[in-house]
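**Student:** Please read through the structure below; I'll follow up with questions.
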Amino acid sequence: MRFIALITLLCLLNLTGLMAQSNFDSSLVSIQAKNELFHFSHTPVSGYFQRYDFGFSGANYTSGKYGEVKSPQLPQKQQEYQFFSQGKRTWNDWILSGAFSYTKQLQDSIGWKQVREITSNPYYFGNIKPGNWNNDLFDAQLAITRPVWSKRILVSAGADYQLENLVRTNDPRPTIDYYNLELKGQISFQVLPEIFVYGLITRANSSEKGGVKNYNASNDSYGQVEYNLFTLMGFGSYNLQQKRNYNLNGQANGFGGGVIGKKGAFRFSNEFQLTNSTENFIRKNSDGDEQIGEYYLRAIRNDLFIHYSSTDYMVQLISGIKLDQGDDYNFLFRGLNYDYHHSAISTDLVFSKESLGTWEWGVGVDYSSLSKQDYNASHYISYATIKASVYSQVAWRLKSGWQLSPQLELGFQKAMDEEVSIGANQENDFTRMVLYPDYYTQLISSAEIDARVDFSKKFSKFRINPFLGINQTLAVGELPTFWESGSKDLFSSFQLGVNFVH
Amino acid sequence: MTKNNYLKTLVCIALAVVGFSCEEKEEGPRVQPVDLSLHVVYGTDFNGQSADGVNVTLTNVTSQQVYDGVTDASGQLILEGVPSGTYDIIARKSYTASEFEAFAGVSTDQEEVVFNASQSGFTISTATSAMALTLESGRVGDLVIKQVYNSGSDRVEGALFRDQFVEIYNNSNDTIYVDGLYVMGALGKTSEGTGAGYLGNGQYDWSQSIGMAATDDANENYLYAKWIYQFPGTGEEHPVYPGKSIIVAQTAVNHKAPFTGNKGEAVTVINPDLTVDLNGADFEVYLAEDGGSPLESDINNPDVPNMNNIFAFGRDFILDNPGREAVAIFRSQTDVLSLPAYATPNVTEIKSTTKLYYQIPADLILDAVEIQPSPTNQVPRKLSTSLDATYTYVPGGSYSSQSVIRKTSKTFGDRVVLMDTNNSEADFGYSEIANPRGFLQ
């Protein structure tokens, strides 16, 4: 969806004239541009707001590395090779937009994960011994909009399709096939000149199927503890019966609404969506299927975007709210066992002033609060984090016609309100090897520096934008006792790529 | 209210107001850990009195988490915060000879008297938060099963399952003759059965076998034989000296070296270190001349006496290599072939081809051991608590070359006395490579 939003941005910037007050050519690389890309609209109707047909493609490579201090369920190293393409076409009154991406993902040394990804869903396979993953990820999106009734009503539909194949290359070795299909329907009404309100419904179905094998048959035995398959069932509860195949089937229904438009010097959007999803984890072997648990997640999202431009200055306000609440039904325990709560608020303010040249400045604050509880295992954690960041970017035109845009961001994160409670005599392998490392990692105060430089040049038929970026996150102050002998180098990454607009 | 609780409340209110779910959600009680109350008593031989100082261990079958404690003076034990789930429960108390005499008022010729109680696959939940255990003292014998090598060795580089054996040991200080002694494997389900003909733990309910004549407990008081072999001899032909053992081999050859099978082809191994030399076995099972289709590896070592084939299972003396086996030794004055025999309880009609299994009274059993594939993949138990309170297993599983082997209790000079408390979890360990006549280090 970020690619569709990028197109929205391009068209708005180039075709609606709303960015005409901008005093530099920032169509692809400016902070303002990227914010509109990610936050203006994620719904099928966004294609309507793009005034011109276009195409946008790119390729990038990202390499990231965590330090010693990390959750065992994160990779020690990760590399991604990605290719993407998207575009928008108008045919008579029909507006079509689409996007496609392929990512090859290589991950080193992930432990306690024998499924596609670790989410808030407490039901999954895991094992102690870390292993490497080789993943192929495909994503395709299509949206279509038709204005009716003299363009006072917009009828839109969209489909997002993900197809993934994931393979772990060390014993025990899962092979996982996954797909997710989300359908969206949207209707927008013009309530005022250039202001639309809309309603949205979504329906998604997903299927994840995995089978785990050991190439070395001796790793099948109970005595090979690091290769034993755990069926995780909560946040401390688990089952060691060795059944090596699973299905994770999901359904999600959502609805939402919002407003998009402009008035005077303001351009704005606000999107609100509620989604209710259910995932069913089934374990399988030659004896038949065994239903293990169902996980229910209720999610609220609200994204606000306001952009103000005058001849002298520009201000952007972006704010997002996420509220998730999850619980389960455990078929083996025959009852409700797990609770999950996560709430997050993020706010960014970006500013640029004509008298300051091509500089942009921004500040951001992110607050997140999380709690998890496994009643049967008597495990509970909760914590909150707050992160503040400042960032800036400048655009310089070079003689060759290239534009150079370096960007620097500094951030600081701190944890608060932390609590962990494990019942007496209830510590187990999961507690020691997953819960404690992850929890105490979250409590570390950290400083982050993110630097990126974009080059951009327009040719007759296309614009090119190569870029490269680095990120470094370091622990600040003393590490928790659990990690007292660990390194303060928490994370570093490097990215380079090239984008084309054609 | 803390910040986190405020946010959680806000979230819950927002989500409750919406109520737009299109999917049915399973409802049920909140799963909670349990404060489990246990009461341990002695059996009727000791008037059911409460048992103090009893070590009680609960092992969650599916997670292998362990909770334990010791009963108080009134035989009570409360274990707090035990997660709901399925558990194997063991209670154990041991007395020295003098302690037992002070307790029971009678003397014993045993150096140690051990009482056990066990419950396997017991469900603990908020609906079941109290239970009672009754201690029983099992028979400890002079002859014990010392080692069972059922796993076999690697399928490609080892001897597969043809190198299996059972070792029987004289744990006393007198010479014992094995003439006429029987060795048997107990029959049972290798997966949980449900419905008519099965007990709550998924094992056969033999009381429902067609024509069952036993008026006492057909499950607790008897074993049903999957296979039976008998030591030959008329009385005093085959002695086992104190601290010595006898090996009963599937095939008494040196499996580390090539040998010629009964079809004239060479039978070899790639890695001799994975298997054993059974050329010196005391007895072997030879079925090639009993009809049927013998295994190529079933050859006769003329220097090794053959066991009497009373009731064979399969093409040779083949033990279940995943470990779904229970082995017992017994003596019987009555010809075993004249004992009652019954079909499995799931059989609804006896036909000429229906297999019947001999009913062996449990009070004939001298020793028995229950083997399982692993703690987390157990099959329904075949033996009662009085025969074996628990089970043993090899962690390496099938074709691992590992064997279960009884631990050493004490030594008197050159003579080793092995552990024998009728609790194979305590009595047995495992050997990385099966070790005929060896001892656990």
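**Student:** Only one residue in A:121, A:180 is buried (at least 21 other Cβ atoms within 10 Å of the Cβ), touching a residue at least 12 places away in the same chain (Cβ under 8 Å) and within 17 Å of the chain's Cα centre (by Cα), so which one is that? Before the answer, list the steps.
**Tutor:** Values: A:180 fails: buried (at least 21 other Cβ atoms within 10 Å of the Cβ).
Residue meeting the stated conditions: A:121.
**Student:** Considering only the range A:362-415, state which residues are modelled with pLDDT under 95, assigned to a strand (DSSP E or B) and of a type in the set (A, V, I, L, M, F, W, C).
**Tutor:** Listed by number, the residues that qualify are A:394, A:396, A:404.
**Student:** In the range B:405-440, what count of residues is obtained for those that are over 15 Å from the mean Cα position of the chain (by Cα) and acidic (Asp, Glu)?
**Tutor:** So the count comes out to 2.
**Student:** Additional query: Give me a count of the residues in the range A:286-314 that are buried (at least 17 other Cβ atoms within 10 Å of the Cβ) and either within 30 Å of residue A:262 (Cβ to Cβ) or among the aliphatic types (A, V, I, L, M) (or both).
**Tutor:** 12
**Student:** Also: Go over the candidates A:250, A:261, A:185 one by one and state the one that is surrounded by fewer than 20 Cβ atoms within 10 Å (Cβ to Cβ), within 14 Å of chain B (Cβ to nearest Cβ) and part of a strand (DSSP E or B).
**Tutor:** Of the residues listed, the single one that is surrounded by fewer than 20 Cβ atoms within 10 Å (Cβ to Cβ), within 14 Å of chain B (Cβ to nearest Cβ) and part of a strand (DSSP E or B) is A:250.
**Student:** Now for a separate question. Name the residues in the range B:264-309 that are among the hydrophobic types (A, V, I, L, M, F, W, C) and assigned to a loop (DSSP other than H, G, I, E, B), would you?
**Tutor:** Within the range B:264-309, B:269, B:270, B:276, B:278, B:281, B:285, B:287, B:288, B:295, B:299, B:304, B:307 meet the criteria.
**Student:** Still on this model: Among the numbered criteria (1) within 19 Å of the chain's Cα centre (by Cα); (2) on the phi > 0 side of the Ramachandran plot, which single criterion is violated by residue B:222?
**Tutor:** Evaluating residue B:222 over (1) within 19 Å of the chain's Cα centre (by Cα); (2) on the phi > 0 side of the Ramachandran plot leaves (2) as the failure.
**Student:** Kindly establish whether residue B:167 is in contact (Cβ under 8 Å) with a residue 40 or more places away in the chain, crowded, with 17+ Cβ neighbours inside 10 Å and under 22 Å from residue B:244 (Cβ atoms). Even if it seems obvious, please write down each step before you answer.
**Tutor:** On the way: in contact (Cβ under 8 Å) with a residue 40 or more places away in the chain: yes; crowded, with 17+ Cβ neighbours inside 10 Å: yes; under 22 Å from residue B:244 (Cβ atoms): yes.
Against the criterion (in contact (Cβ under 8 Å) with a residue 40 or more places away in the chain, crowded, with 17+ Cβ neighbours inside 10 Å and under 22 Å from residue B:244 (Cβ atoms)), residue B:167 qualifies.
**Student:** I'm trying to understand the selection: among the residues of the range A:378-404, which are over 28 Å from the mean Cα position of the chain (by Cα) and within 14 Å of another protein chain (Cβ to nearest Cβ)?
**Tutor:** Across the range A:378-404, the qualifying residue is only A:378.
**Student:** Before we move on, is residue A:352 at pLDDT below 95, farther than 19 Å from residue A:439 by Cβ and surrounded by 16 or more Cβ atoms within 10 Å (Cβ to Cβ)?
**Tutor:** So residue A:352 passes the test.
**Student:** Still on this model: If you go through the range A:405-425 one residue at a time, how many are surrounded by 14 or more Cβ atoms within 10 Å (Cβ to Cβ) and more than 26 Å from the chain's Cα centre (by Cα)?
**Tutor:** Of the residues in the range A:405-425, 4 are surrounded by 14 or more Cβ atoms within 10 Å (Cβ to Cβ) and more than 26 Å from the chain's Cα centre (by Cα).
**Student:** Scan the range B:236-249 and tell me whether some residue there is in contact with a Lys or Arg (Cβ under 8 Å, 6 or more places away or on another chain), assigned by TED's automatic domain parsing to the domain that holds residue B:163 and among the small types (Gly, Ala, Ser).
**Tutor:** Within the range B:236-249, one or more residues are in contact with a Lys or Arg (Cβ under 8 Å, 6 or more places away or on another chain), assigned by TED's automatic domain parsing to the domain that holds residue B:163 and among the small types (Gly, Ala, Ser).
**Student:** May I ask you to list the residues in the range A:467-482 that are touching a strand residue (DSSP E or B) at 6+ places or on another chain (Cβ under 9 Å) and of a type in the set (Val, Ile, Thr)?
**Tutor:** A:470, A:473, A:476
**Student:** Among the residues of the range A:79-99 satisfying the criterion of being at pLDDT 85 or above and buried (at least 19 other Cβ atoms within 10 Å of the Cβ), which is nearest to residue A:478 (Cα to Cα)?
**Tutor:** A:84
**Student:** Here's a check for you: in the range B:33-55, which residue that is crowded, with 18+ Cβ neighbours inside 10 Å and within 14 Å of chain A (Cβ to nearest Cβ) is farthest from residue B:105 (Cα to Cα)?
**Tutor:** Per the criteria, the residue is B:33.
**Student:** On to the next question. Is there a residue being in a strand (DSSP E or B), within 13 Å of chain A (Cβ to nearest Cβ) and not β-branched (Val, Ile, Thr) anywhere in the range B:125-142?
**Tutor:** yes
**Student:** Show the residue pairs meeting these rules: Cβ distance below 7 Å; 6+ apart or different chains; first residue within the range B:184-200 and within 14 Å of chain A (Cβ to nearest Cβ); second residue of a type in the set (A, V, I, L, M) and in a loop (DSSP other than H, G, I, E, B).
**Tutor:** Close Cβ pairs (under 7 Å, with a partner that is of a type in the set (A, V, I, L, M) and in a loop (DSSP other than H, G, I, E, B)) amount to B:189/B:379; B:190/B:379; B:191/B:379.
**Student:** To continue, here is another question. Any chance the range B:388-404 includes a residue that's modelled with pLDDT under 90, more than 11 Å from the chain's Cα centre (by Cα), among the small types (Gly, Ala, Ser) and on the phi > 0 side of the Ramachandran plot?
**Tutor:** no
**Student:** Against the conditions (1) out of contact with any strand residue (DSSP E or B) (no Cβ under 6 Å at 6 or more places or on another chain); (2) modelled with pLDDT of 95 or more, where does residue A:326 fall short? Just the number, please.
**Tutor:** So the condition that residue A:326 fails would be (1).
**Student:** Quick one: in the range A:13-67, which of the residues that are out of contact with any His (no Cβ under 8 Å at 6 or more places or on another chain) and among the acidic types (Asp, Glu) is modelled with the highest pLDDT?
**Tutor:** A:53
**Student:** Does residue B:158 count as small (Gly, Ala, Ser), closer than 24 Å to residue B:372 by Cβ and within 14 Å of chain A (Cβ to nearest Cβ)?
**Tutor:** When the stated conditions are applied, residue B:158 passes them.
**Student:** Among the candidates A:347, A:358, which residue alone is more than 14 Å from chain B (Cβ to nearest Cβ), within 30 Å of residue A:274 (Cβ to Cβ), among the hydroxyl-bearing types (Ser, Thr, Tyr) and out of contact with any Gly (no Cβ under 6 Å at 6 or more places or on another chain)?
**Tutor:** A:347
**Student:** Condition test on residue A:372, is it under 25 Å from residue A:336 (Cα atoms), of a type in the set (Lys, Arg) and touching a Ser or Thr at 6+ places or on another chain (Cβ under 9 Å)?
**Tutor:** yes
**Student:** Restricting to the range B:310-328, and then to whatever is outside any loop (DSSP other than H, G, I, E, B) and under 13 Å from the mean Cα position of the chain (by Cα), can you tell me which residue is farthest from residue B:395 (Cα to Cα)?
**Tutor:** Only one residue tops the list, namely B:328.
The values are calculated or read from the model by the stated rules, or taken from the named source; none is laboratory data. Since the model is a prediction, treat every value here as computed from it, not as a measurement. Here the Cβ is made from the backbone with ideal geometry for all residues, glycine too, and neighbour counts use every protein chain on show.
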